[in-house]
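Engineer: Questions regarding the structure given below will be posed in turn.
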Amino acid sequence: MNWYEYQEEVAVFFRNLGANVETNKRISGIRGTHDIDVYIEINVLGQKTIWIAECKLWKTAIPKDKILTLYQIVQDIGADKGLLFSESGFQSGAINSTKQTNILLISIDEMKEMVKDELNESFIINSIKKFNELKSRIKKLWINEDYQPEPFKGAPFDDIILLDGTVMFFTLNLQKYLNPTFPITISTYKNSIQHLNSYEEFTKVVQTEIQDIENEVIKAEKIYNNYCYEVEIMKNKFLSSIEEFLKEGERFLIDKEKGEIFGKEIVYLMRNVSDLASEIKSQSRANVNKLINKIMRYLIDNHYLYLTQVEDNHVSWINSTQELSKITDQFKQKKDY
């Protein structure tokens with residue numbers, strides 16, 4: 001076997017595992033450009049993992065400096081792991097230098113079992129990442145910004161709680177399966193008991209579980225997005241009613257001789273603002289209601305008060321309107337309900 005055949009055997013092994021593999025790939029890092037013997041891209045549960053392999057078909061043991069060079073390349077390009085293949089072994093200093101690093105020293109014969117273990121570990125880690133991502137999405141549906149339980153209006157609460165519990169269960173248990181002893185038994189989201197006899201069966205069940213849970217999360221998120229859309233419409237009506245009230249109120253203060261005419265209009269506008277505020281509060285969660293209460297309190301303590309006073313409050317009105325806009329701007333920018 002020559003060096004090219006040796007390199008190709010490594011590449012074929014990873015291609016057969018479903019990885020995207022390139023040989024003799026030139027890649028740029030932070031500190032420079034590097035020529036990689038075998039570049040391996042593995043996609044597990046949507047998470048991309050990059051490994052690079054150097055193939056040394058030498059007649060002598062590989063020295064420490066070659067391992068350090070590979071380690072530096074791995075760090076420079078941000079790869080997840082570096083593999084150094086050799087059939088002639090490694091010097092003792094080389095072996096010691098890989099402790100607590102992401103460098104794996106390996107031969108072709110050792111490749112199948114060792115890489116399988118590494119891929120299994122990668123699968124578990126990426127599965128945990130995926131479950132944590134799903135957990136964050138689920139929490140958004142029933143935990144408010146103050147970290148208090150409060151599902152959005154119309155939420156399928158029982159389904160959401162079941163999803164949350166299932167994700168928590170799997171996240172905790174996956175850590176036990178880094179080195180599982182088969183057979184094992186797993187209870188899934190759909191309440192089926194799975195008796196598994198191999199890691200291949202285990203990974204298939206976990207992938208199915210993730211997909212089943214994500215499908216249910218997507219359904220709940222569609223309901224949540226519709227809820228947000230309705231609140232957004234009510235929010236825009238509420239903010240428009242405030243703008244209309246402020247415009248008419250300022251006109252009233254400028255020309256009080258027309259107070260009777262404008263006064264009736266203003267009372268109507270004030271009532272409209274209040275009614276729209278109540279409508280949003282009846283449909284929204286606490287974080288939205290806090291902002292609405294803050295806006296209404298400011299209107300009552302300032303603008304509504306100015307309209308009832310005899311003295312000229314036009315300047316105070318303008319200043320208060322500027323302060324009020326800071327609060328309403330917070331509400332305008334809010335997209336999470």
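Engineer: Applying the selection to region 283-337, what residues are farther than 16 Å from Glu243 by Cβ, within 32 Å of the chain's Cα centre (by Cα) and β-branched (Val, Ile, Thr)?
Structural biologist: Result: Val288, single match.
Engineer: Could we say that Thr328 is touching a residue at least 40 places away in the same chain (Cβ under 8 Å), open to solvent by less than 30 Å² (accessible area, probe 1.4 Å), out of contact with any Ser or Thr (no Cβ under 8 Å at 6 or more places or on another chain) and in a helix (DSSP H, G or I) here? Don't jump to the end; show me each part of the working.
Structural biologist: Working: touching a residue at least 40 places away in the same chain (Cβ under 8 Å): yes; open to solvent by less than 30 Å² (accessible area, probe 1.4 Å): yes; out of contact with any Ser or Thr (no Cβ under 8 Å at 6 or more places or on another chain): yes; in a helix (DSSP H, G or I): yes.
Taking the combined requirement at face value, the residue satisfies it.
Engineer: Continuing with the same structure: Among the candidates Thr23, Thr33, Thr49, single out the residue that is open to solvent by less than 30 Å² (accessible area, probe 1.4 Å) and of a type in the set (Val, Ile, Thr).
Structural biologist: On the way: Thr23 fails: open to solvent by less than 30 Å² (accessible area, probe 1.4 Å); Thr33 fails: open to solvent by less than 30 Å² (accessible area, probe 1.4 Å).
The conditions single out Thr49.
Engineer: Being in contact with a Ser or Thr (Cβ under 7 Å, 6 or more places away or on another chain) and either open to solvent by 10 Å² or more (accessible area, probe 1.4 Å) or assigned to a helix (DSSP H, G or I) (or both) is the filter here, so list the residues in region 82-130 that pass it. Steps first, answer last, please.
Structural biologist: Quick first cut of region 82-130, residues in contact with a Ser or Thr (Cβ under 7 Å, 6 or more places away or on another chain) only: 85-88, 105, 107, 122-123, 128.
If the condition is that a residue be in contact with a Ser or Thr (Cβ under 7 Å, 6 or more places away or on another chain) and either open to solvent by 10 Å² or more (accessible area, probe 1.4 Å) or assigned to a helix (DSSP H, G or I) (or both), then Glu87, Ser88, Leu105, Ser107, Ser122, Phe123, Ile128 are the ones that fit.
Engineer: Of these, Lys153, Lys176, Lys140, which one is open to solvent by 80 Å² or more (accessible area, probe 1.4 Å), touching a residue at least 40 places away in the same chain (Cβ under 8 Å) and either under 29 Å from Asn43 (Cβ atoms) or assigned to a helix (DSSP H, G or I) (or both)? Working first, answer last.
Structural biologist: Details: Lys153 fails: either under 29 Å from Asn43 (Cβ atoms) or assigned to a helix (DSSP H, G or I) (or both); Lys176 fails: touching a residue at least 40 places away in the same chain (Cβ under 8 Å).
Answer to the check: Lys140.
Engineer: Just one of Leu305, Leu276 is within 22 Å of Phe152 (Cα to Cα) and in a helix (DSSP H, G or I); which is it? Quick ask: steps written out before the conclusion?
Structural biologist: On the way: Leu305 fails: within 22 Å of Phe152 (Cα to Cα).
Only one candidate passes the filter, namely Leu276.
Engineer: Okay, next question. How about region 192-210: which of its residues are surrounded by 13 or more Cβ atoms within 10 Å (Cβ to Cβ) and not hydrophobic (A, V, I, L, M, F, W, C)? First the steps, then the outcome.
Structural biologist: The initial filter retains those residues of region 192-210 that are surrounded by 13 or more Cβ atoms within 10 Å (Cβ to Cβ), namely 194, 196, 199, 201-210.
Hits for region 192-210 are Gln194, Tyr199, Glu201, Thr203, Lys204, Gln207, Thr208, Glu209.
Engineer: Okay, moving on. If you go through region 292-303 one residue at a time, do you hit one that is closer than 21 Å to Tyr227 by Cα and not charged (D, E, K, R)? Steps first, answer last, please.
Structural biologist: Let us first name the residues in region 292-303 that are closer than 21 Å to Tyr227 by Cα, namely 292-293.
The next check asks that each one be not charged (D, E, K, R); those that pass are 292-293.
For region 292-303, residues closer than 21 Å to Tyr227 by Cα and not charged (D, E, K, R): present.
Engineer: Please go through region 70-81 and give me each residue that is assigned to a helix (DSSP H, G or I) and surrounded by fewer than 16 Cβ atoms within 10 Å (Cβ to Cβ), ordered by number. Let's see the steps before the verdict.
Structural biologist: Within region 70-81, the first condition is being assigned to a helix (DSSP H, G or I), and the residues that meet it are 70-77.
Scanning region 70-81 gives Gln72, Gln75.
Engineer: Let me ask something else. Evaluate region 160-168: report whether one residue or more is modelled with pLDDT under 95, among the β-branched types (Val, Ile, Thr) and under 22 Å from Lys116 (Cβ atoms).
Structural biologist: Within region 160-168, not a single residue is modelled with pLDDT under 95, among the β-branched types (Val, Ile, Thr) and under 22 Å from Lys116 (Cβ atoms).
Engineer: Which pairs have Cβ atoms under 6 Å, sit 6 or more apart or on different chains, and link a residue in region 48-73 that is free of Cβ contacts under 8 Å to residues at least 24 places away in the same chain and over 23 Å from Arg15 (Cα atoms) to one that is open to solvent by 60 Å² or more (accessible area, probe 1.4 Å) and part of a loop (DSSP other than H, G, I, E, B)?
Structural biologist: none
The values are calculated or read from the model by the stated rules, or taken from the named source; none is laboratory data. A quick note: this is a predicted structure, and the numbers were derived from the prediction, not measured. Backbone-built Cβ (ideal geometry, glycine too); neighbour counts: all protein chains shown. Accessible surface is based on the protein model in full, side chains and every heavy atom, while ligands, DNA and RNA are left aside. Shrake-Rupley method; radii C 1.70, N 1.55, O 1.52, S 1.80 Å.
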